[in-house]
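Student: The structure that follows is given in the form of structure tokens.
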Amino acid sequence: MPQEVGRNAMTPALSLENITKRFPGVLANDRVNLTVAEGEIHAICGENGAGKSTLMNVLYGMLPADEGRIVVRGDEVHFRSPRDALAAGIGMVHQHFMLADNLTVLENIILGAEPTGRGGRIDFANARRRVTELSDAYGLDVHLDEPVENLGVGERQRVEIIKVLYRGARILILDEPTSVLVPHEVEELFRNMRDMCARGETIVFIDHKLDEVLEIADTITVLRAGRTVATVKPDEVSPRDLAELMVGSELPTPEARTTTAQDTVSLEVEDLSVLDDDEREVVKGISLEVRRGEIVGMAGVEGNGQIEFVEALLGIREPSQGRVLLEGADISEWTVRQRREAGIGYIPEDRHRRGLLLPAPLWENAMCGHQGKEPYSRKGFWLTPKGARSKTRELIAAFDVRTPGPDVAAHALSGGNQQKLIIGREMIMTPNLLIAAHPTRGIDVGAQAAVWETLHQAREQGLAVLLVSADLDELIGLSDRLLVIFRGRISAALDPATVTPRELGAHMTGAAGDVEEMQHA
Amino acid sequence: MSTRSAHRLPAHRRLTLALAAPIAALILSLAVASIALVLSGSNPFPAYGRMFSYGFELETLVDMVNRATPLYLSAVAVAIGFRMNLFNIGVEGQYILASIIAAQVAAELSLPAPLHLTVIILVGMATGSLWALIAGVLKVTRGIHEVISTIMLNAISISLVVAMLFRQWDVPDESLNQETAEIPPSGRMPDLNWFVELFTREIGKGRVLWGFVIVAIIIGILYWIYVARTRPGYDLRASGINPLAAEASGVSPRRTIIVAMALSGAVGGLVGLPEVLGRDYAYGLQFTQNLGFAGIAVALLGQNHPGGIAIGALVFGFLDSAAPILDVHGDAPQEIVEIMKGIIIFAAVITYVVVQRRRQDEEARAASLAMAGDEPEAAPGTPSDATESDTRPAT
């Protein structure tokens with residue numbers, strides 16, 4: 001035992017070296033490095049889409065890495081499946097629990113790894129003894145004979161953790177474990193995590209909540225856009241530093257900007273409130289206006305009411321109060337179709353969910369949202385496939401969509417090209433107002449630059465753009481004005497010409513007070 | 001740019017892929033049916049031979065088309081629902097109810113022939129449509145799944161039919177036959193024997209080719225035009241593929257559900273009319289049931305495509321009309337045909353998935369070829385786009 005400790009002191013429990021993982025059109029992990037010391041809690045944080053989950057799936061054997069090495073306690077390993085990872089002592093607790101509801105806690109824990117007695121029968125006595133030992137040793141409080149369906153979320157999570165420990169894992173990966181928990185459950189989880197580490201377990205912990213990460217982690221690795229940005233100790237950084245690392249601190253090229261904003265107000269929103277599906281007020285009395293030739297950036301971390309706000313503007317979601325005006329006309333009561341035909345273009349935050357008909361050919365995707373207009377149809381009724389195909393060809397050429405032709409199904413395209421198609425189909429119909437939600441999320445750098453250029457040019461030609469984003473570069477680089485949305489309200493109005501990414505990041509994460517203090521100091 | 005069209009899958013390749021599934025399904029079903037025949041002590045080859053030679057006799061072919069006509073209508077009704085991910089199991093109830101009401105109305109009206117027929121057909125469509133709309137309205141207003149509501153509506157409609165027939169039966173002076181009153185000649189669909197006989201010999205054995213096949217063909221063409229060539233049809237398909245994207249494009253999900261159910265029910269209302277207007281001239285005991293369920297299978301086999309459904313309906317019609325010969329000669333039990341139908345559907349569903357994957361893979365490959373052909377930056381992993389974060393050491 002002492003020997004082992006001596007060896008562990010030098011050899012990290014786990015190290016990932018230059019892990020690269022590509023998906024069509026997306027570089028999910030780009031030479032990521034991660035070193036986890038024995039017995040520590042190592043947090044991996046980053047925005048959605050930063051590559052955290054991909055990295056963990058690679059580590060857990062669910063996805064093969066395209067390049068790079070995984071070294072566990074000094075030995076290079078090659079995992080083909082989670083089974084291999086478990087055999088090497090790595091276990092993962094998924095964000096969404098994988099438990100059989102109608103089985104008891106004990107049955108769930110041993111499921112698939114049952115100790116068998118004579119004649120292949122399950123040796124429940126043995127199983128119960130081993131599981132009880134584990135739960136006592138780590139202070140993980142569970143009721144072994146309770147059916148899982150009766151358990152609360154916190155206890156289900158403990159069952160998942162014991163499940164992994166029971167299979168002999170010494171390195172635990174917890175994928176956003178706090179996202180499903182209420183505060184006191186988070187405290188208990190953190191207590192359990194510390195106990196486990198005290199007993200020699202190593203924990204890799206994925207999270208993007210800054211306060212939690214700083215509270216629990218011994219070491220923090222930050223990922224952004226698929227790359228390792230930094231590895232830091234929690235006592236060396238402030239929440240502001242961490243936010244800045246997460247959302248990106250590269251200064252966008254601060255080109256000398258001349259305003260092209262005209263006097264005509266394109267979109268005017270008055271005191272708009274919106275409820276979500278659970279009838280909670282997630283947008284609270286937002287008022288704003290976007291003029292022609294102006295890009296207004298709505299900056300915010302996801303889940304602060306942006307999606308519901310956009311859906312209310314489009315007419316998909318009915319607001320609980322307030323008015324929406326387009327070019328001076330009150331469109332509050334209009335249907336989605338009326339609004340779209342009045343010239344509202346829409347780039348959805350999730351192209352697969354709200355944007356594309358994946359199995360349908362590109363020309364049918366290009367007309368989606370404009371199906372009542374020429375050249376896609378005649379008199380708003382008869383489809384004109386010929387016209388639609390030639391318009392799509394025009395779109396493909398103008399927006400550089402890499403595809404064999406307009407008859408290819410949308411799912412055959414890479415993410416960046418799908419996004420270019422969506423942006424092209426809106427822009428080619430020359431909208432009055434463009435609502436662009438996260439227009440460059442999850443696409444590669446080349447496609448991103450093309451999208452930015454497109455929006456920039458459209459602005460000069462008088463297009464009004466509401467840009468909803470969490471990408472600091474994008475927000476600062478493109479917007480004429482910046483509004484920060486935080487917990488359903490506009491919490492700040494900032495000037496992109498003078499604001500620093502650090503300040504903007506602080507506003508978005510609600511840590512703005514600290515920034516001001518710092519500036520006074 | 002000029003090389004792009006070369007990457008598209010060639011036409012013959014797409015056709016091969018489209019035909020691969022049904023052909024594989026047919027071969028598989030013949031194989032399984034052969035095994036079943038051998039196990040039950042019959043020799044499959046003479047049985048198939050007899051089915052084939054009997055099946056292609058003129059009279060049997062007339063039977064085949066007569067059987068395929070209601071199947072086709074039923075499958076189109078189901079397919080309209082399928083196109084927007086609505087599972088209209090209620091075609092069964094819709095056509096039974098529509099048939100008895102149409103038959104009743106037809107018997108009581110007295111109009112010139114073309115008008116009489118038109119009215120009967122419209123009554124059938126309206127009845128089916130309204131009956132299906134109940135399920136549509138329940139779904140839109142109360143969120144009740146259409147599978148549940150249409151199954152229940154099936155049970156209700158069968159009870160209603162029984163109640164109506166008994167009322168009929170109750171009338172004194174009427175025969176004990178549980179039937180609606182006879183439809184006068186002006187409300188009967190003329191047969192098409194004269195047309196067939198223009199090309200071949202006289203149709204014997206008292207066989208009659210029902211004129212309703214014309215209506216089925218018209219419905220098939222209208223269905224194709226609606227789905228492939230009109231904006232509402234596009235909205236319907238878009239909602240079926242991705243309801244959220246369709247909604248964002250301006251399609252109202254509720255409205256589309258209502259429209260789809262109404263259209264599906266309207267076509268469903270026609271399913272029973274070929275035999276009511278072409279054979280029985282009344283709604284009675286010999287009325288064929290279960291066509292609504294058979295339509296689900298045919299729609300599946302035809303992949304909701306008007307042409308595919310026609311082929312599926314004809315294949316099923318052929319099996320049904322050719323099977324009785326097996327019993328006559330004692331080669332095999334004619335129920336072997338039911339096994340074949342089951343296997344065809346089963347195999348078709350599986351092979352469609354396999355073929356679709358294959359096609360997707362080939363398309364994706366073609367698309368990435370198009371990218372690689374003229375995109376220098378696409379070569380993954382080239383460090384050309386290195387930014388400052390690459391050079392920062394990850395300690």
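The values are calculated or read from the model by the stated rules, or taken from the named source; none is laboratory data. Remember, it's a predicted structure, so these values are computed and weren't measured experimentally. Cβ: placed from backbone, ideal geometry, glycine included. Neighbour counts: every protein chain shown. When the accessible area is computed, the model is the full protein with side chains, heavy atoms only, and any ligands, DNA or RNA have been set aside. Shrake-Rupley method; radii C 1.70, N 1.55, O 1.52, S 1.80 Å.
Student: Checking B:LEU263 against (1) in contact with a Lys or Arg (Cβ under 7 Å, 6 or more places away or on another chain); (2) part of a helix (DSSP H, G or I), only one condition comes out false. Which one?
Tutor: Just one mismatch for B:LEU263, condition (1).
Student: Would you mind stating whether A:SER491 is in contact with a strand residue (DSSP E or B) (Cβ under 6 Å, 6 or more places away or on another chain), under 18 Å from A:LEU272 (Cβ atoms) and more than 14 Å from chain B (Cβ to nearest Cβ)?
Tutor: Criteria met by A:SER491.
Student: Where the second residue is among the aliphatic types (A, V, I, L, M) and not in a helix (DSSP H, G or I) and the first is facing chain A (nearest Cβ under 7 Å) and lies in region B:247-260, which pairs have Cβ atoms under 7 Å and are six or more apart or on separate chains?
Tutor: B:GLU247/A:ILE316; B:ALA248/A:ILE316
Every residue, every condition in (1) under 30 Å from A:ARG402 (Cβ atoms); (2) away from every other protein chain (no Cβ under 14 Å); (3) among the β-branched types (Val, Ile, Thr), yes or no:
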position: B:PHE293; (1), (2), (3): no, yes, no
position: B:VAL298; (1), (2), (3): no, yes, yes
position: B:PHE318; (1), (2), (3): no, yes, no
position: B:SER321; (1), (2), (3): no, yes, no
position: B:VAL337; (1), (2), (3): no, yes, yes
position: B:LYS341; (1), (2), (3): no, yes, no
position: B:ILE344; (1), (2), (3): no, yes, yes
position: B:ALA348; (1), (2), (3): no, yes, no
position: B:VAL354; (1), (2), (3): yes, yes, yes
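Student: Are any of the residues in region A:75-82 under 24 Å from the mean Cα position of the chain (by Cα), away from every other protein chain (no Cβ under 14 Å) and part of a strand (DSSP E or B)?
Tutor: Within region A:75-82, none of the residues are under 24 Å from the mean Cα position of the chain (by Cα), away from every other protein chain (no Cβ under 14 Å) and part of a strand (DSSP E or B).
Student: Give region A:210-230 a look and list any residue that's in contact (Cβ under 8 Å) with a residue 60 or more places away in the chain and over 19 Å from A:ALA28 (Cα atoms), or say none.
Tutor: A:LEU210, A:VAL213, A:ILE216, A:ALA217, A:ASP218, A:THR219, A:ILE220
Student: Only residues in region A:135-163 that are under 10 Å from A:THR104 (Cβ atoms) count as the first member; pair them with residues that are small (Gly, Ala, Ser) and not in a helix (DSSP H, G or I), Cβ under 7 angstrom, at least 6 apart or cross-chain, and list the lot.
Tutor: Short answer, once both residue conditions are applied: A:VAL148/A:ALA100.
Student: Criterion first (over 24 Å from A:VAL213 (Cα atoms), in a loop (DSSP other than H, G, I, E, B) and more than 26 Å from the chain's Cα centre (by Cα)) does A:ALA65 satisfy it?
Tutor: For A:ALA65, the condition - over 24 Å from A:VAL213 (Cα atoms), in a loop (DSSP other than H, G, I, E, B) and more than 26 Å from the chain's Cα centre (by Cα) - is not met.
Student: Next question. Does A:TRP452 satisfy the condition of being among the aromatic types (Phe, Trp, Tyr) and within 25 Å of A:GLU308 (Cα to Cα)?
Tutor: Judged against the criteria, A:TRP452 is a match.
Student: Then there's this: Tell me, please, whether a residue that is surrounded by 12 or more Cβ atoms within 10 Å (Cβ to Cβ), aromatic (Phe, Trp, Tyr) and touching a Gly at 6+ places or on another chain (Cβ under 8 Å) can be found in region A:76-94.
Tutor: Checking region A:76-94: at least one residue is surrounded by 12 or more Cβ atoms within 10 Å (Cβ to Cβ), aromatic (Phe, Trp, Tyr) and touching a Gly at 6+ places or on another chain (Cβ under 8 Å).
Student: Quick one: B:LYS139 ticks every box in (1) open to solvent by 50 Å² or more (accessible area, probe 1.4 Å); (2) touching an Asp or Glu at 6+ places or on another chain (Cβ under 8 Å); (3) farther than 18 Å from B:ALA262 by Cα bar one, so which box is it?
Tutor: (3)
Student: Still on this structure, please answer the following. Kindly provide the set of residues from region B:216-239 that are more than 9 Å from chain A (Cβ to nearest Cβ), farther than 19 Å from A:ARG339 by Cβ and touching a helix residue (DSSP H, G or I) at 6+ places or on another chain (Cβ under 7 Å), ordered by number.
Tutor: Passing the criteria: B:ALA216, B:ILE219, B:GLY220, B:TYR223, B:TRP224, B:TYR226, B:VAL227, B:LEU236.
Student: Another question about this same structure. Of all residues in region B:200-253, how many are open to solvent by 40 Å² or more (accessible area, probe 1.4 Å) and touching an Asp or Glu at 6+ places or on another chain (Cβ under 6 Å)?
Tutor: 4
To keep it simple, each residue is scored yes or no on (1) acidic (Asp, Glu); (2) at pLDDT 90 or above.
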| site | (1), (2) |
| --- | --- |
| A:ASP207 | yes, no |
| A:GLU215 | yes, no |
| A:ARG224 | no, no |
| A:THR231 | no, yes |
| A:GLU236 | yes, no |
| A:ALA261 | no, no |
| A:ALA299 | no, yes |
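Student: A further question on this structure: Across region A:276-322, what is the total count of residues that are free of Cβ contacts under 8 Å to residues at least 40 places away in the same chain, buried (at least 20 other Cβ atoms within 10 Å of the Cβ) and at positive phi?
Tutor: Residues flagged as free of Cβ contacts under 8 Å to residues at least 40 places away in the same chain, buried (at least 20 other Cβ atoms within 10 Å of the Cβ) and at positive phi within region A:276-322 amount to 1.
Student: Just to check your reading of the model, which residue among A:VAL499, A:VAL465 is under 24 Å from A:ALA299 (Cα atoms), of a type in the set (Val, Ile, Thr) and free of Cβ contacts under 8 Å to residues at least 24 places away in the same chain?
Tutor: A:VAL499
Student: Looking for something part of a helix (DSSP H, G or I), open to solvent by less than 30 Å² (accessible area, probe 1.4 Å) and hydroxyl-bearing (Ser, Thr, Tyr) - is there at least one such residue anywhere in region A:193-208?
Tutor: No.
Student: Scan region A:320-344 for residues that are more than 11 Å from chain B (Cβ to nearest Cβ), touching a strand residue (DSSP E or B) at 6+ places or on another chain (Cβ under 9 Å) and outside any loop (DSSP other than H, G, I, E, B) and jot them down.
Tutor: Across region A:320-344, the qualifying residues are A:GLN321, A:GLY322, A:ARG323, A:VAL324, A:LEU325, A:LEU326, A:ASP330.
Student: Checking B:ALA332 against (1) open to solvent by less than 40 Å² (accessible area, probe 1.4 Å); (2) at pLDDT 50 or above; (3) assigned to a helix (DSSP H, G or I): exactly one of these is not met. Which one?
Tutor: Answer for B:ALA332: the failing condition is (3).
Student: State whether one or more residues within region B:41-63 are part of a loop (DSSP other than H, G, I, E, B) and hydroxyl-bearing (Ser, Thr, Tyr).
Tutor: Yes - at least one qualifying residue is present in region B:41-63.
Student: Let me ask another. Considering only region B:86-108, state which residues are open to solvent by 10 Å² or more (accessible area, probe 1.4 Å), under 14 Å from the mean Cα position of the chain (by Cα) and of a type in the set (Val, Ile, Thr).
Tutor: Across region B:86-108, the qualifying residue is only B:ILE89.
Student: How about region B:60-85: which of its residues are over 30 Å from B:HIS145 (Cα atoms) and open to solvent by 10 Å² or more (accessible area, probe 1.4 Å)?
Tutor: B:LEU61, B:ASP63, B:MET64, B:VAL65, B:ASN66, B:ARG67
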